[in-house]
Amino acid sequence: MAEETIFSKIIRREIPADIIYQDDLVTAFRDISPQAPTHILIIPNVLIPTVNDITEDHESALGRLFTVAAKIAKDEGIAEDGYRLIMNCNRHSGQEVFHIHMHLVGGRPLGPLLAK
């Protein structure tokens, strides 16, 4: 069984977060340390530690991550100019919270994805 994370408490609204979207499958909230004018985390409400732990049972929630990302990008006014969706897997990628999450970042030109 995966260990509960801070995101589990945000989903249940046990700790404060600027939640901008929540339904039965996913929750979206503003990052507390934004790397761009718009930086929102979108997470499945079920705890999945890493991408390596995804199963077919998670397909509905993971598909919802993308439809919610598109809705939020439009609502935030960044859809037309563009935005980036990032999901890290394990320590070498920079994953810090082991509850998968998608970063939606935008609101300015973001530059190259990776440094050379």
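The values are calculated or read from the model by the stated rules, or taken from the named source; none is laboratory data. Being a predicted model, the structure only gives us computed values, none of them experimental. Note that we place each Cβ from the backbone using ideal geometry, even for glycine, and neighbour counts take in every protein chain shown. Remember, those area values only see protein heavy atoms, side chains included, never the ligands or the DNA or RNA. Shrake-Rupley method; radii C 1.70, N 1.55, O 1.52, S 1.80 Å.
Taking Cα pairs under 8 Å and at least six residues apart, what relative contact order does the chain come out at, in percent?
28 percent
Under a point spin-label approximation (7 Å from Cα along Cα-to-Cβ), what is the Ile20-Asp81 distance to one decimal in nm?
Distance between label points: 1.3 nm.
Given a cut-off of 20 Å, what percent of all Cα-Cα pairs of the chain lie beyond it?
40 percent
Mean-square fluctuation check for the chain, GNM, Cα pairs under 10 Å: which of Arg84, Arg12, Arg30 is largest?
Result: Arg12 has the largest fluctuation of those listed.
Which value, in debye to the nearest 20, gives the size of the charge dipole of the chain about its Cα centre, when Lys and Arg are +1 and Asp and Glu are -1 at the Cβ?
400 debye
Given R₀ = 30 Å, FRET efficiency for Val46-Arg108 by Cβ-Cβ distance, to 0.05?
Here the calculated transfer efficiency is 0.40.
At a 1.4 Å probe radius, which order do Asp57, Asp75 fall into by accessible area, largest first?
Of Asp57, Asp75, the descending order of accessible area is Asp57, Asp75.
Once R0 is set to 41 Å, what does the formula 1/(1 + (r/R0)^6) return for the Cβ-Cβ distance between Glu96 and Lys74, expressed as a FRET efficiency to the nearest 0.05?
FRET efficiency, Glu96 to Lys74: 0.90.
Divide by every residue of the chain the summed helix terms, -39500 (n - 2.57) for each DSSP H run of at least 4, and state the resulting mean residue ellipticity at 222 nm, rounded to the nearest 500 deg cm²/dmol.
The helix contribution divided over the chain gives -6000 deg cm²/dmol.
Relative to the longest principal axis of the chain, what angle (0 to 90°, nearest 10) does the C-alpha long axis of helix 59-75 take?
30 degrees
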